[in-house]
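The structure under discussion appears below in the form of C-alpha cells.
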Amino acid sequence: MNSNHKENTTSVAFFSDSLPERNGTGAYYFDLLESLKSEIPNIEIFQPTRSVRLNFLSIPMPGDPSQKLITPNLFRIYKGLKKLKPKIIISVTPGPFGLVGYLYAKKHKLKFITAFHTNFEQLTKIYWNPVTRSFANLYLRSINQLLCQNSQLTLIHNSGLIQEMESLGSKNHKIMGTPLPRFYLEKPLKPPPKSIKQICFAGRLAAEKNIDLIIQAAEHFSEIKFVIIGDGPLRNKLIKQASKLRNVQFMTWLNREELVNMVDLSSALLLPSKIETFGSVAFEAMARGRPVIVSKNAGINEWETLSKNILQLEHEGALIKTIQTLIDMNYEERIHLSNNAHSSAREFHTNTVQQWIDLLLEESV
C-alpha cells in the first residue's frame, strides 16, 4: 500500500451499533480495520460486545430481532478514547453508539464523518405495522439527518444512495468500496466443481432476502442440492415450506471460516434479495472464484468491475431461468466466469483498502 509520514499521526475512532461480523456492517468494519492497521495503527472501533451485563435499551432491529440496539458502556468508551486520542470520528449506524461518536466529535471539535450502510426505513416498511413504523422512521430520519447535516463527509457504498443522502442534508459524499476478510484472500483456491451439483445462500432468513424463490428453484431443479445458511424470523416457515424437498438443506449461522468451506464446496451462490445495499456475501463468493446470481437492484451491481462478472436477476421471477443459464454453460465458460469473478474481487479489495488509507490520511491533515 502507498502511504507517507502522516500515517504516524493519524488516529481514527469508528462507532457502530453492529456486533463484529454479525451482519454486513459488522463484517465490513471488522475486515476493514484488519486491513488498515498495518498502515494506520492508531485505529479502533467502539461497538457492542457479545456479552452485555446491563442493558437499559433493548430495541430489536427491523428484520432481525436477534440484533438489538445496545446501551453503550460509556466508561469503556471514554477509557478507550482517552488512550486513542482520535483526530477523526466515523459513525456508521444511527443508533446509540453512532450518536455517542457524534457527540464526542462535537464536544472535542474533531472531524466527523458518517457512513451509511443500511436503509433501515425500507426495512421497517417490510416488517413493522404502520404505527410502529411511523415512530421508528421518525427516529431514524431525525438521527440520520443529524448525522448527515453535521458531517464533513458522508460515505456511501453505491451511487443509488446519493439522492437519499442529499435529502438527509449531506453536504459532501464519497462512494467507497468494500473490503474482503483476510482469510478469503490467503486460503488457497479450490477449482469449481465440474458440474452444478450444489448452490448455496447465506444470510438472514428474512422477507427481504426472497428465500422462497430459492425453494421454488429447488423444486424445479431436483438434481441440484440447495444449501440455505443462516437464521432469522422466517426460519421455521421456510423449513416447513421446503419439508417435502429432499434437495434443500438448512444450516444455522456459520462462522466465516466455515462459510468459506461451504462456498468452496458449492458451484454458485444466490442472493435474490429485494433490498441489498451492497451484497458482501456475493462479493466474498466471487473472491473464492464462484459464480454469483444477484438481484439487479443490489448495490454490488453499481460497480462495473464487479457487475460484468455477475449473473444478474432482471426480476424476481427470473431465478430459475438464470440458474438454467449457468447450467447451460460449458465447463470452460464457467471457469472463465469464476476466474474473472475472483480477479475482479481481489482487485476491488485492494483498491478499497487504498481508498480508505488515502481518505483517512487526507482527512487527518
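The values are calculated or read from the model by the stated rules, or taken from the named source; none is laboratory data. Only a predicted model underlies this, so the values are computations on that prediction, with no experimental measurement involved. We place every Cβ from the backbone using ideal geometry, glycine too, and count neighbours over all the protein chains shown.
A few comments on the model shown:
- Single condition MET262 does not satisfy, out of (1) without any contact (Cβ under 8 Å) to a residue 24 or more places away in the chain; (2) of a type outside the set (Gly, Ala, Ser); (3) within 24 Å of PRO188 (Cα to Cα): (1)
- Among residues of the range 210-229 that are surrounded by 17 or more Cβ atoms within 10 Å (Cβ to Cβ), those with a beta-carbon under 6 Å from a residue that is of a type in the set (S, T, N, Q) and part of a strand (DSSP E or B) at least six positions away or on a different chain give the pairs LYS225/GLN198; VAL227/GLN249.
- Any chance LYS106 is over 15 Å from LEU147 (Cβ atoms), modelled with pLDDT of 95 or more and over 18 Å from the mean Cα position of the chain (by Cα): no
- Restricting the first member to the range 187-199 and to residues that are touching a residue at least 24 places away in the same chain (Cβ under 8 Å), and the second to residues that are part of a loop (DSSP other than H, G, I, E, B) and surrounded by fewer than 12 Cβ atoms within 10 Å (Cβ to Cβ), the beta-carbon pairs closer than 9 Å and six or more apart or on different chains are ILE196/GLU223; LYS197/GLU223.
Condition check ((1) in contact with a His (Cβ under 8 Å, 6 or more places away or on another chain); (2) basic (Lys, Arg); (3) touching a residue at least 24 places away in the same chain (Cβ under 8 Å); (4) under 18 Å from THR93 (Cα atoms)) across all residues:
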{"position": "LEU147", "(1), (2), (3), (4)": "no, no, yes, yes"}
{"position": "LEU155", "(1), (2), (3), (4)": "yes, no, yes, yes"}
{"position": "ILE162", "(1), (2), (3), (4)": "yes, no, no, yes"}
{"position": "LEU168", "(1), (2), (3), (4)": "no, no, yes, yes"}
{"position": "TYR184", "(1), (2), (3), (4)": "no, no, yes, no"}
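- Qualifying residue in the range 314-329 (condition: within 18 Å of LEU269 (Cα to Cα), of a type in the set (Gly, Ala, Ser) and out of contact with any Lys or Arg (no Cβ under 7 Å at 6 or more places or on another chain)): yes
- Among the residues making up the range 82-99, those that are buried (at least 21 other Cβ atoms within 10 Å of the Cβ) and either part of a helix (DSSP H, G or I) or touching a strand residue (DSSP E or B) at 6+ places or on another chain (Cβ under 8 Å) (or both) are PRO86, ILE88, ILE89, ILE90, SER91, VAL92, THR93, GLY95, PHE97, GLY98.
- Only one entry of LEU140, LEU147, LEU168, LEU161 meets the criterion of being closer than 20 Å to PRO96 by Cβ and modelled with pLDDT under 85, and that entry is LEU140.
- Single residue of the range 317-365 satisfying the filter (surrounded by 20 or more Cβ atoms within 10 Å (Cβ to Cβ) and free of Cβ contacts under 8 Å to residues at least 60 places away in the same chain) that is nearest to THR10 (Cα to Cα): SER344
- Checked against (1) modelled with pLDDT of 90 or more; (2) in the same structural domain as THR277 (by TED's automatic domain parsing); (3) farther than 27 Å from ALA341 by Cα; (4) not hydroxyl-bearing (Ser, Thr, Tyr), LYS225 passes all but a single condition, namely (3).
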